1. Tell me the volume per residue, in Å³, of the convex hull enclosing the alpha carbons of region 44-118.
2. If neighbour count is taken as other Cβ atoms inside 10 Å, put 73, 24, 68 in order from fewest to most.
3. How do 58, 80, 126 line up, fewest other C-beta atoms within 10 Å first?
4. Work out, step by step, the length gained on full extension between residue 124 and residue 61: first 0.36 nm times the residue separation, then minus their alpha carbon distance; give nm to one decimal.
5. Cβ under 12 Å from residue 73's Cβ, residue 73 left aside: what net charge do those residues give with Lys, Arg +1 and Asp, Glu -1?
Amino acid sequence: MAKRVAADDTQGAEQAQPVIVLGEPIVIRVKKDGKRKKMKGSSRTSRRLANFELQFSKAARRISKGCENGWDEYLNQRRKSQRNRRDGALVDYYVNMAKGASRAISEGSPALTDIAKAFNSKRLRKQIRKALRPLPMFT
């Protein structure tokens, strides 16, 4: 923090300039060893579980977002129907509901892919191949 202090009158009027006095010095602390702490690694099982959990939470988020947008679409279409004609919301109920459901399904459908990715692992592929070996091949 800098402070402004006026100069003494003994120097003369022409030479008088403001003097800047600096406050506390800035201190930068550096670690002595200079190394960052190494992050602890995770086991293979915990990494698989973390990946599994990530894919499932991503799928759940997509489904919830799709449902929300589907209901918003239904409500927007309902308002539009109600403005256009008398008893429009009741008459167009099934159309408005179909539009909302269509939007919800279209936005939530990638969730199935997210769940499939969660199950798609090297270990599971090996287990599937092992289970299919004894079955005869039909071509």
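Rule-based calculations on the coordinates, nothing more; no lab input. Please read these numbers as outputs of a predicted model, since none were measured by experiment. When we count neighbours, we look across all protein chains shown, and the Cβ atoms used for this are built from the backbone with ideal geometry, even at glycine.
1. 55 Å³
2. Working: 73 19, 24 6, 68 13.
Ranking 73, 24, 68 by Cβ neighbours within 10 Å, fewest first, gives 24, 68, 73.
3. 126, 80, 58
4. Difference between extended and current length: 20.2 nm.
5. Details: positive: 78, 79, 80, 99, 103; negative: 68, 72, 107.
Cβ neighbours under 12 Å give a net charge of +2.
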